[in-house]
1. It is to be established whether one or more residues within segment 32-50 are out of contact with any Asp or Glu (no Cβ under 6 Å at 6 or more places or on another chain), of a type in the set (A, V, I, L, M, F, W, C), over 22 Å from Thr172 (Cα atoms) and surrounded by 13 or more Cβ atoms within 10 Å (Cβ to Cβ).
2. In this structure, does Glu164 turn out to be touching a residue at least 12 places away in the same chain (Cβ under 8 Å), part of a helix (DSSP H, G or I) and either under 22 Å from Lys48 (Cβ atoms) or touching a strand residue (DSSP E or B) at 6+ places or on another chain (Cβ under 9 Å) (or both)?
3. Asp78 passes all but one of (1) closer than 30 Å to Ala23 by Cα; (2) surrounded by fewer than 10 Cβ atoms within 10 Å (Cβ to Cβ); which number fails?
4. Identify the residue in segment 147-189 that is closer than 18 Å to Trp21 by Cα and of a type in the set (Gly, Ala, Ser) and, among all such residues, is surrounded by the most Cβ atoms within 10 Å (Cβ to Cβ).
5. Here is a list of conditions, (1) surrounded by 16 or more Cβ atoms within 10 Å (Cβ to Cβ); (2) at pLDDT below 80; (3) farther than 23 Å from Glu164 by Cβ, and Leu56 meets all of them except one; can you say which number that is?
6. Select from segment 109-150 the residues that are over 29 Å from Pro77 (Cβ atoms), at pLDDT below 75 and part of a helix (DSSP H, G or I) and list them in ascending order.
7. Is it the case that some residue within segment 8-25 is modelled with pLDDT under 80, among the hydroxyl-bearing types (Ser, Thr, Tyr) and out of contact with any Leu (no Cβ under 9 Å at 6 or more places or on another chain)?
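The values are calculated or read from the model by the stated rules, or taken from the named source; none is laboratory data. None of the values given here were measured: they were computed from a predicted structure. Cβ atoms come from the backbone with ideal geometry, glycine included; neighbour counts cover every protein chain shown.
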Amino acid sequence: MNPWLYTIPFISAFIHWLTIWMALKLLFHPRKPRQILWFKLQGVFPKKQTQIAENLGRIVGQELLSFGDIEKTITNPDNIKKILPLAEEHIDNFLRNKLKKSMPVVGMFIGDKTITELKTVFMQELEELFPVIMKNYVSNIKNELDLERIVVEKIAGFSSDKLEEMLNQILTKEFRFVEVIGAALGFFIGVLQIFLTLIMK
């Protein structure tokens, strides 16, 4: 039997690894279109960067980070209650110190009991007012801030080098895993070829 037959699994593993390695490289390279024989070759991300930016912008702006979700979060009663102690502390300081400095005559007639009563009334009003203020604030931001446009401009403005660097930082292990799986699959196919060859003989 030809001893070269046993090299088939290794050759097959190398070819599969090389094919996958080239496919991964073609995600980013070449950066600019290059004419090769009768067709142009360009990396997937550089070629589709604008389209990818628009799709991601739409997803982020409409699904991942909607102003509706932001409004629900900041107007949630539990979240409002978290900021009320700070407002109460500020009102207490105003009634006990700033009011007496600004309006000494009025301050003379305000004691601890009156301050406590005023604070209670103010806090009840603020608890009702805060959700309205927050809702109006989000509405104003929504009119002035276009999340979809911002994401599109940011991603479209990335250089291909920066985009490749970011994805490599995130997916380096996954890329290596795919290459190893490809080589292992190629080796297995090579072994299968030897097995079939021996059976046919």
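1. Residues of segment 32-50 out of contact with any Asp or Glu (no Cβ under 6 Å at 6 or more places or on another chain): 32-50.
Subset that is of a type in the set (A, V, I, L, M, F, W, C): 36-39, 41, 44-45.
Checking which are over 22 Å from Thr172 (Cα atoms) leaves us with 36-39, 41.
If we keep only those that are surrounded by 13 or more Cβ atoms within 10 Å (Cβ to Cβ) too, we end up with 41.
So far as segment 32-50 goes, yes, one or more of its residues are out of contact with any Asp or Glu (no Cβ under 6 Å at 6 or more places or on another chain), of a type in the set (A, V, I, L, M, F, W, C), over 22 Å from Thr172 (Cα atoms) and surrounded by 13 or more Cβ atoms within 10 Å (Cβ to Cβ).
2. Spelling it out, Glu164 is indeed touching a residue at least 12 places away in the same chain (Cβ under 8 Å), part of a helix (DSSP H, G or I) and either under 22 Å from Lys48 (Cβ atoms) or touching a strand residue (DSSP E or B) at 6+ places or on another chain (Cβ under 9 Å) (or both).
3. All conditions are met except number (1).
4. Gly186
5. All conditions pass for Leu56, except number (3).
6. Passing the criteria: only Glu148.
7. no
Let's see how each residue does on (1) closer than 28 Å to Phe158 by Cβ; (2) assigned to a helix (DSSP H, G or I); (3) in contact with a helix residue (DSSP H, G or I) (Cβ under 8 Å, 6 or more places away or on another chain); (4) not polar (S, T, N, Q):
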residue	(1), (2), (3), (4)
Ile11	no, yes, yes, yes
Leu18	no, yes, no, yes
Phe45	yes, yes, yes, yes
Ala87	no, yes, yes, yes
Lys100	no, yes, yes, yes
Val106	no, yes, yes, yes
